[in-house]
1. To the nearest 10 square angstrom, what accessible area does residue 282 show with a 1.4 Å probe?
2. In Å³ and rounded to a whole number, note down the convex hull volume per residue for the Cα atoms of segment 113-265.
3. Report in % the part of the accessible area of segment 141-184 that belongs to carbon and sulfur, leaving out ligands and nucleic acids; probe 1.4 Å.
4. Give me the percent of accessible area attributable to carbon and sulfur for segment 187-299, probe 1.4 angstrom.
5. Keeping all protein chains in the complex and leaving out DNA, RNA and ligands, what accessible area do you get for residue 440 with a 1.4 Å probe, in Å² to the nearest 10?
6. What does the accessible area per residue of segment 133-193 come to in Å², with a 1.4 Å probe and no ligands, DNA or RNA counted?
7. From the protein chains alone at 1.4 Å, what is the descending order of accessible area for 114, 186, largest first?
8. With charges only on Cβ, +1 for K and R and -1 for D and E, what is the dipole size of segment 222-308 about its Cα centre, in debye, rounded to 20?
Amino acid sequence: MKKFVMAALGGTLAGVVATTQIAGPLVAQESERTANVYEQLDLFGDIFERIRAQYVEDVDEAELIEAAIDGMLTSLDPHSSYLSPDDATQMRVQTRGEFGGLGIEVTQEEGFVKVVSPIDDTPAAEAGMEAGDFITHVDGESLLGLTLDKAVDMMRGPVGSEIVITVVREGETEPFDVSIIRDTIKLTAVRTRSEGESIVLRVTTFNDQTTPNLEAGLKEQIEAAGGLDNINGLVLDLRNNPGGLLTQAISVSDAFLDEGEIVSTRGRNVADGERFNATAGDLIEGKPMVVLINSGSASASEIVAGALQDHRRAIVVGTKSFGKGSVQTVMPLRGDGAMRLTTARYYTPSGRSIQALGVSPDIVVAQPRRKPETEEDEESNATALIRSEADLRGRLNNDSLSEDEIRQIEEDREKAEKSAELREEDYQLAYAIDILKGLSALGPND
């Protein structure tokens, strides 16, 4: 015991001596660093005055300062930026679900604007914009070298006006132009429908309306089906969902979890980290779930997909998500402006960060590109005859089934044919619904 105590004391004394020896140099280094910062600020002031006095044209001093602030923030990462008073106001409007524009979520990569995802039922989606597209020019003017905010400003304009953007797309040999008419973008956060015995929840964004829309739509579909007993499961479609509010991602995840961690955030300081847990109550009482994601699923979408995947609450189907695993905090500034600053990374319940990696689906299913049919193909499809035993003259009747049983078989066949039609329209969704059917078929018999 004496040896242990002495060793501890020795360690403590050594620590005191070492602290005394290095404290002086540390203070000197801090003083030198502070002096360098003030020198840099003086340099900034000198450059600012030179521009005001000697630039070839008169300049707006306020715009110069805003540009300097924005440059400082955008140099940190693609998601930090300065919001002018007008931009801050527009951002607050967007979180409420209605704004003017094209209907695309964008980021910046390699000096060009990259489409994270087009928003459903917007001019950009209707014009055929796709996640992963690069926008290189707006109305013939190059975006190379511009900040993301400046590029977005070029794409804004009055509702009803036309814009021509030049797009570079993987798989296309040449850039091509897309003409889009600007419109008022009204976001419907959640669309619900049923496909056979499966409920499909299409979540397009995470704004103030997402959770209320989801709960109301889900309740409506369950009631229309005659109760949960008539539902075989749920498809949560997060494809091309660029994200939104962290609080909404947490509440949507919580809607299908009874307990456990949903997401945690870790900032620069350990003490600033937060952990968000689920509360009791699953809206579909443990029914099977499939989550659909693709490269346009980002941020809040990835939080939901990651949480449900880690808790083995849902099977994730589709392609790898976008990989935005950082949290931005919007901080009000004097003069009604604001600063969007990356303050933390978020982690899924298993402790993994998806930053730049994305959420990997449990089952990879790519959406095949639809090839337009030629007139000859359409005619041959329309005139093709599919013959079976039932078409043969003089065939024997099936005397082992009642009329009700035959009617049930025909109804089941119609459902299967509708599923086949859905594969032509949306292969990934059809795949997800087939998974739910399979899980339901393996369930216990009553």
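1. Accessible area, nearest 10 Å²: 20 Å².
2. Numbers: hull volume 24.2 nm³, N = 153.
It is 158 Å³ per residue.
3. Numbers: 1350 of 2610 Å².
About 52 percent, which is the carbon plus sulfur part of the accessible surface.
4. Exposed carbon and sulfur together represent 44 percent of the surface.
5. That residue has around 60 Å² of solvent-accessible surface.
6. Working: 3350 Å² over 61 residues.
Ligands and nucleic acids excluded, the figure is 55 Å² per residue.
7. 186, 114
8. Values: 5 positive and 12 negative charges, 86 e Å.
Using Cβ point charges on Lys, Arg, Asp and Glu, segment 222-308 gives about 420 debye.
The values are calculated or read from the model by the stated rules, or taken from the named source; none is laboratory data. Source: prediction; values computed, not measured. No Cβ is skipped: glycine too gets one built from the backbone with ideal geometry, and neighbour counts run over all protein chains shown. Calculation scope for accessible area: heavy atoms of the full protein, side chains included, ligands and nucleic acids excluded. Shrake-Rupley method; radii C 1.70, N 1.55, O 1.52, S 1.80 Å.
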